[in-house]
Amino acid sequence: PILGILPYMAQHAEDWPEESIRLSNKFGKTWGGPYPVNKVNTCLFMVDEASIRHVLSENSNNYEKGDGSRSFFRELLGNGIFLSDGDQWFVHRKIMSKMFSRNLLRRTSEVIQMKLEQIASLLLNAMETEEQYVGSAEPRISLDLQDIFFRMTFDVTSFVALGCEIDSIGTYGAEGGQHPFAEAFGQMQEAILQRFGDPFYKVKRVLQIGSRERRITVLSRTLADHAASIINDRCRTIEDGSELGPDILTRYLEYSKRNNVPMSNEELKDVVTNVLIAGRDATACLLTWSFYELSKRPDVIDKIISEVENVCTNGEDSDYSYDNVSKLQYTHAFVLEVLRLHPSVAIDHRRAINNDRLPDGTFVPAGAMINWMPIQIGRSKHIWGEDALEFKPERFIDLKEPSPFKYPAFGAGPRLCLGKPLALMTVKTTLAYLLPKFQFIDRLGHSGEAKWKMVISMKGGFLVDVCSRKILTVHI
């Protein structure tokens, strides 16, 4: 048929992760079909380690992100690191790689701890004032933990990566919801993904046909205005000759000045949005899924707390520094297991430049879009064994890091995610800090149903009851 697999993909847009797992298990090898969108002739989905290694490493020069992807996500990600190719991508990579030295990770750890102290204070203050539980022997508060984590990672990313202070945790519970920039950012993702399965979105964009494209235009202006405010602040800092911070935005501005390569606000806006999608959204989802899995496994909570007390606690003093948190082996294994079953990134792809053939025998025509879904790879019984769907942190104990080609939660090959150590540190620090102090109880018995955007979050958020794990005798 002329539309190929497009109608089927559109039909399953809301449950595509689950449907892709079903089809991948059904076929057992690369599958797909015709796909007449963005000059793509074929859309394929890889399901095995050898094919992923081939595309992302062994023959990576034959695969690119492509103009089609940049067009589809233009208003959100533009020509940032996620969708750029060639020399442009290399410049992004070179500048951003300097952001993740151990010294900077140590500095970021301090920022994370400050935000966790703020969250702990918010929880304790709310417990003291919650009318339903005032005077109770076990005061508690109900809140959306996913919302809290999106605020926390937005604040940390904004401060560390963009050099600006945005206290969205401090406004939790206030009227107006999330920070306007964060709200627009999330809404933009949802609106753009509604183009999925629409072969005429380019025409609709140009002519502003339909509420979706008009909404994207409005949101694009909102994002540009907020990004411009952040960018102008950093530019003034450079012009004033003030001491510059180590944030990514400053590094781009320094690169531009040093190499006499002008950078427009549009290019810098792309830097801002690309950083936020990784630093805010992906990490917040990982945090939320971690606490979801813990809500079902009190035995795992006990193991994490025991390890934290042995490693991070000395009498009444606690040390959640980067160096200490790096020693938490069981907690590290736990986070890896969460990511295996609940990867933050919904899907990744490449476009074939020339004809190719995958190790499983699949012919890849030039122009084909070839995809892989970390959630499918992570739950594959062929790759992980018959217990692939069981939650077992022990599978990563005393083992080297899993091959990124069988564990593509952070990508693989030359484009392996630079922020991997930062994301893992953020989650481990959060677990180490909050679990010994508070109990988090799944209030509604969440089904584990996911909301699929560019990242995979918990559908409807994660409503929990929070109470103190023990009477706190030290100031937190």
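The values are calculated or read from the model by the stated rules, or taken from the named source; none is laboratory data. Just so you know, these numbers come straight off a predicted model, no measurement behind them. When we count neighbours, we look across all protein chains shown, and the Cβ atoms used for this are built from the backbone with ideal geometry, even at glycine. These area figures cover heavy atoms from the full protein model, side chains too; ligands, DNA and RNA do not enter into them. Shrake-Rupley method; radii C 1.70, N 1.55, O 1.52, S 1.80 Å.
Of the listed peptides 440-450, 299-309, what is their order by residue-averaged count of other C-beta atoms within 10 Å, with the highest listed first?
On the way: 440-450: 14.4, 299-309: 16.5.
Ranked from most to least packed, the peptides come out as 299-309, 440-450.
Before rounding to the nearest 500, sum -39500 (n - 2.57) across all DSSP H runs of length at least 4 in the chain and divide by the residue total; then give [θ] at 222 nm in deg cm²/dmol.
Details: 20 runs with 234 residues, N = 476.
Roughly -15000 deg cm²/dmol at 222 nm, from the helical runs in the chain.
What do you get for Rg/Rh over the chain if you use C-alpha atoms and the Kirkwood form of Rh? Can you show the working numbers first?
On the way: Rg = 22.6 Å, Rh = 23.6 Å.
Computed over Cα atoms, the ratio is 0.96.
Arranged from highest to lowest average of other beta-carbon atoms within 10 Å per residue, in what order do the peptides 56-62, 283-289 appear?
283-289, 56-62
Taking only protein heavy atoms and a 1.4 Å probe, what accessible area per residue, in Å², does region 21-131 have with all protein chains in place? Each step should come with its number before you reach the end.
On the way: 5180 Å² over 111 residues.
In whole numbers, region 21-131 has 47 Å² accessible per residue.
What does the highest-first list of 356-366, 318-328, 401-411, 336-346 look like by mean Cβ count within 10 Å? Let's see the in-between values first.
On the way: 356-366: 15.4, 318-328: 18.0, 401-411: 19.5, 336-346: 23.5.
With the highest mean Cβ count within 10 Å placed first, the list reads 336-346, 401-411, 318-328, 356-366.
Tell me which lysines have Cα within less than 19 Å of Lys392's Cα, excluding those fewer than 8 residues away on the same chain?
Partners within reach: Lys296, Lys303, Lys381, Lys400, Lys406, Lys428.
In nm, what is the difference between 0.36 nm times the number of residues separating Ala388 and Ala13 and their Cα-Cα distance?
Values: separation 375, 0.36 × 375 = 135.00 nm, distance 2.47 nm.
That works out to 132.5 nm of additional length.
Could you state the accessible area per residue of region 370-476 in Å², with a 1.4 Å probe and every protein chain left in place? Walk me through the numbers before you get to the answer.
Details: 4600 Å² over 107 residues.
Heavy-atom accessible area per residue stands at 43 Å².
For the chain, with all protein chains present and a 1.4 Å probe, just round the carbon and sulfur fraction of the accessible area to a whole percent. Intermediate results must be reported in sequence, preceding the final value.
Details: 10880 of 21120 Å².
It is 51 percent, rounded to a whole number.
For Asp356, which sequence-distant residues (separation of 5 or more, or a different chain) have an amide H within less than 5 Å of its own amide H, given hydrogens modelled in the peptide plane?
Val364, Ala366
With θ taken as phi - 60° and the coefficients 6.51, -1.76 and 1.60, list the Karplus ³J(HN,Hα) couplings across region 276-285 in order, rounded to whole Hz; mark glycine and proline as x.
For region 276-285, the Karplus-derived couplings read 5, 4, 8, x, 8, 5, 4, 6, 4, 5 Hz, x marking Gly and Pro.
Any of Lys202/Lys269; Lys98/Lys257; Lys65/Lys257 with alpha carbons more than 26 Å apart? Name them for me. Display every interim value, and only then the final one.
On the way: Lys202/Lys269 22 Å; Lys98/Lys257 17 Å; Lys65/Lys257 28 Å.
Over 26 Å Cα-Cα: Lys65/Lys257.
Would you pull out the residues with amide H under 5 Å of Met458's amide H, same chain only if 5 or more places away, H placed 1.01 Å from N?
Lys451
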